[in-house]
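The values are calculated or read from the model by the stated rules, or taken from the named source; none is laboratory data. All figures in this text were calculated on a predicted structure; none of them were measured in a lab. Neighbour counts run over all protein chains shown; Cβ positions are idealised from the backbone, glycine included. Areas reflect the complete protein model, heavy atoms only, side chains present, ligands, DNA and RNA absent. Shrake-Rupley method; radii C 1.70, N 1.55, O 1.52, S 1.80 Å.
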Amino acid sequence: MTILAVDFGSTFTKAALLADDGTVLRTASTPTTGTQGRGDVLDGYRSLRATLDVDDDAVVRACSSAGGGLRLAVVGYERSVTAQAGHRVGLSAGAKVVHVAAGELTTSDVAAVRAARPDLVLLVGGTDGGNGTVLLHNAARLAKGALGGHGSRAVPVVVAGNVDVRDAAAATLATTGRPTVLADNVLPEIGVIAPESARAAIREAFLRHVIGGKGLSRDPAFAAMVEAATPDVVLRGVEVLAAVAGGGDVMVVDIGGATTDVYSCLTPEGEDAGLRKDVVAPLWHARTVEGDLGMRWNAEHVVEAAESEHLLATVPDADALRAYAARVHERPGSLPVDDDERGLDLELARLAALVAVRRHARPAQPTESPRPLANVTALVGSGGVLRHGGPAARDHVLGAVLADHAGGWKVPRAARTGVDTAYLLFAAGLLAADERTHELARTVAAQITP
C-alpha cells in the first residue's frame, strides 16, 4: 500500500508519494487549477497522479489553502482579552484572521465583518461563569447579519466563549439557519488559553461548510478528500519535527506565493515556564500568518513592508526589486527566467522572511513579552524559492534571519538551518492526525534534516 499526500496550495498543488513505512518515493508539483477561472481544482490533481504513477488503491490524504485559504473573523468581548485569545487560536488553526471585532456589535460593526469577506466567524467572549451578555448580544447580531460567503453560502459561526451561555447563543444563531459549531471556551479563566477544542471546531467547520463552497470543484470528491486547512496541518508537522529533532526549540519559515507563515514550537523555561502575567497566556506551539507577504500575490506588499522596517537599504538595487515585484504581482504564476530574476526573487524571499519573523517574535500587545526564540536550535525554511534554490538560497534567506539583531527580538544563539526540500512537513502533519499513522509521521519528519 502507498500513501499519496496532497496539498492544494494557492499557487501550486504539491504531492508526495510515500511507501507504507513512511519512505518518500516520489514528489511532484503543478500549478493549482480551479482558481482564477482555470477549470477544476482536480484537473491538476489528476495530472499529479499520472506524473507520480500512483496506484489506484493508494490511500489519499489531502489538505488545502486554495482559493485564498481560510479567512476568519473573530468577534469577542474585550479586545485585549477574549478577542486576542480568539485571534491567537485562529492563527494556530490555520486561518488568516481578516477582521477582529470586540464589544457589543453595532450595525456598522456587522457591516465591517461582512466587508472582510470571512469564510468563518469565531465567536468568543467571557470566562466560564462570567459575563454572558455580550456573547448573547453578538450571537443575535450575527444571526441577523447578512454574512454571505462564496455565492449564496451562509458563513458558519464557531461558538467558543462562556460555556454557561454557549447553548443559548447557538440556539439564537439557529433561528436564522446560521451554520454553527460549538467548542469549549478558548479562555476558560483569566490567564489560561485552551485552543484545542476551538481549533478542532474550526477544522470541522472548514471541512463541512467552507471547502466545498469556494467553487474550486464541481466534483464532491474534492470536499471529501480534504481533511484540513494546510497551515493547520503544517503546524502539526512542525510539532512532529520538534519531537524528532532532539527536543530543541524549532522554528519554520514558509515563504509562499500568497503569504509567509512562521511556526515555532518552544519549550518555556525560567520565568516563561510559569508565565501567567499576561491576561492571555502565550501559545508555545504557534503560527503567525502574514497575509501581506507573498512572493507573487503580494510581492509589492513585501517591498512596502520591508521599507517600513528600514530593510531596503540592504537591497543592492531597490528600484529593480520594486519593478520585479510589480511584474510578478501581475502574473502570479510566473517564474524567474534568468540569473538576474533569480537574484531578485531571493531578495523578495529574504525580505519576506525577515519581516515575518520580526512580527512573529514581537509581542502582540504592549503588555506582553517577546516570543522567546533565543533557544531555537533548528531553523527550517520552506517554499519553492528555497526548495529549488540550493544551499546558496538557504544561506541568503535563513542566514539573514539568524543575523537580524536589529529586529527587536533575541536571535537564536546557536541554530542549524535546513530546508524542507521535498516539502514533507504537510505530509508529516497529515499523518500525525491519525494515531494509526503517527509513527509514519515521525519517519517522514526525520527525513527533513536541518
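Each other residue within a Cβ distance under 10 Å of residue 383 adds +1 if Lys or Arg and -1 if Asp or Glu, for a net charge of -2. Charged side chains reduced to their Cβ positions (Lys and Arg at +1, Asp and Glu at -1) give segment 206-265 a dipole of some 300 debye around its Cα centre. Length available on full extension from residue 224 to residue 111: 0.36 nm per residue minus the Cα-Cα distance, which gives 37.4 nm.
Report the relative contact order of the chain, percent, no decimals, based on alpha-carbon pairs under 8 angstrom and at least 6 residues apart. Kindly include the intermediate steps, with their values, before the conclusion.
Values: 984 pairs, mean separation 63.6, N = 450.
It rounds to 14 percent for the chain.
Look at the alpha carbon pairs under 8 Å that are at least 6 residues apart: their mean separation over the length of segment 285-400 gives a relative contact order of 26 percent. Sort the chain into rounded, prolate or oblate with this rule: let a ≥ b ≥ c be the square roots of the eigenvalues of the Cα gyration tensor; rounded if a/c is under 1.5, and if a/c is not under 1.5, prolate when a/b is larger than b/c, oblate otherwise. Note, shape of the chain comes out rounded.
Compute the label zone of residue 414 within segment 424-450: residues whose backbone N is under 18 Å from the point 7 Å along Cα-to-Cβ. Once the point is set 7 Å along Cα→Cβ of residue 414, 450 turn out to lie under 18 Å by backbone N, inside segment 424-450. For segment 1-53, the Cα-based Rg and Dmax, in that order, read 11.5, 39 Å.
Were the residues from residue 392 through residue 154 laid out at 0.36 nm apart, the gain over their Cα-Cα distance would be 80.9 nm.
Taking K and R as +1 and D and E as -1, what net charge do the other residues with C-beta under 11 Å from the C-beta of residue 142 add up to? It would help to have the intermediate numbers written out before the result.
Numbers: positive: 114, 141, 144, 178; negative: 109.
Charge balance near residue 142 sits at +3.
Applying 1/(1 + (r/R0)^6) with R0 = 30 Å to the Cβ-Cβ distance of residue 335 and residue 56, what FRET efficiency is obtained, to the nearest 0.05?
Details: r = 32 Å, r/R0 = 1.08.
Taking R0 as 30 Å, the efficiency between residue 335 and residue 56 is 0.40.
Shape class for segment 361-450: oblate, because the ratio a/c of the largest to smallest gyration tensor axis (alpha-carbon atoms, square roots of eigenvalues) is 1.5 or more and b/c is at least a/b. Take every Cα pair under 8 Å whose residues are at least 6 apart in sequence, average their separation, divide by the length of segment 104-262, and the relative contact order is 18 percent. Solvent exposure of the chain, expressed per residue, is 39 Å² of accessible area, with all protein chains present and a 1.4 angstrom probe. Could you please state how large a percent of the accessible area of the chain is carbon and sulfur, counting protein chains only and using a 1.4 Å probe? Carbon with sulfur: 51 percent of the solvent-accessible area.
In this simple spin-label approximation, residue 190 and residue 434 carry label points 7 Å from Cα along the Cα→Cβ vector, and these lie 4.5 nm apart.
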